[in-house]
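Read the structure below first, then the notes.
The values are calculated or read from the model by the stated rules, or taken from the named source; none is laboratory data. Every value quoted in this text rests on a predicted model; they were computed, and no experiment measured them. Please note: Cβ atoms are built from the backbone with ideal geometry, for glycine as well, and neighbour counts cover all protein chains shown.
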Amino acid sequence: MTGALPGVAAITSILRTAGGVFTLLMETVRAALGKWPRRRVLVEQFYLIGFRSTPVVLTTGLFTGMVLAVQSFNQFRRVNIVSMVGAVVSVSMVKELGPVLTGLMLAGRVGASITAEIGTMSVTEQVDALRALATSPIRWLVLPRVAAAVLLTPILTLMADVVGIAGGTLICVGFLKVEWHFHYINMLDWLKVWDVGVGCAKSSVFGLLIALTAAYKGLNTEPGAAGVGKAATEAVVTSCILILTSDFFLTVMFAAMKPDWIR
């Protein structure tokens, strides 16, 4: 019986977090229907979440595409279809690797930052001060970060996709001597607009999960510096798990929704 208690506590914590995040989502949607924060607040979050994340996202996308090209070439060479490497790299980057790896990078960089910032404000009673002034913390703290994450994550993903495909093409054509014409034709033949849309839709969901989870952990931070560190760690771990879990269900959903006229 004693051994079951940690499992029960873990399940209770997961359910509590899920309920809290869902409640925060509803409050954020309600805040979005009202008065928005000043433009300066939104621009600042767009800069911190979008522009500051560009180097790590581009680096991740570039080396992911290059590694995927090398691994695919080594396997396809056995059956003499190396011209299909471009199709594999492009489709894999756009539909799966681009959105997921971008989301994981943002969970570590942006999620921890949001949690630490809001958590520090919560511990130092700045959040309570906003409530005392009849100002909604959701509108001024959560909404700008959620909006920036939802809108900019697909853009960052597209940038990672382009850089990854370019890196894979450079490796294939420049170093592995794959014929450029067949590489390019197969890549265009297999990569569809639907795939790009699926990747962007996934990215928006991942951005929403990252921002909401980080904000929830920040608003519920335990007192003290240790509490802020613990909340940031929990936010990153929870966001990564949510990204990987939701990716499976989104993949199944979009596969069922795919029109018949798209191969």
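Observations on the structure shown:
- Checking each residue in segment 120-137 for being under 15 Å from GLU27 (Cα atoms) and either hydroxyl-bearing (Ser, Thr, Tyr) or modelled with pLDDT of 90 or more (or both) picks out THR135, SER136.
- Qualifying residue in segment 101-119 (condition: of a type outside the set (A, V, I, L, M), closer than 25 Å to ASP195 by Cβ and at pLDDT below 90): no
- Total residues in segment 117-130, condition surrounded by fewer than 19 Cβ atoms within 10 Å (Cβ to Cβ), assigned to a helix (DSSP H, G or I) and either of a type in the set (Ser, Thr, Tyr) or within 25 Å of the chain's Cα centre (by Cα) (or both): 2
- Pairs meeting the criteria (first residue in segment 37-56 and farther than 28 Å from GLY164 by Cα and surrounded by 14 or more Cβ atoms within 10 Å (Cβ to Cβ), second residue at pLDDT 90 or above and not acidic (Asp, Glu), beta carbons under 7 Å, at least 6 apart or on different chains) are PRO37/LEU143; PRO37/PRO144; VAL41/PRO144; LEU42/PRO144; LEU42/ALA147.
- Flag for LEU143 being touching a Phe, Trp or Tyr at 6+ places or on another chain (Cβ under 9 Å), under 20 Å from ALA232 (Cβ atoms), modelled with pLDDT of 90 or more and of a type in the set (A, V, I, L, M, F, W, C): no
- So CYS172, is it under 12 Å from the mean Cα position of the chain (by Cα) and touching a residue at least 40 places away in the same chain (Cβ under 8 Å): no
- For the criterion of being surrounded by 24 or more Cβ atoms within 10 Å (Cβ to Cβ) and touching a Lys or Arg at 6+ places or on another chain (Cβ under 9 Å), ILE114 passes.
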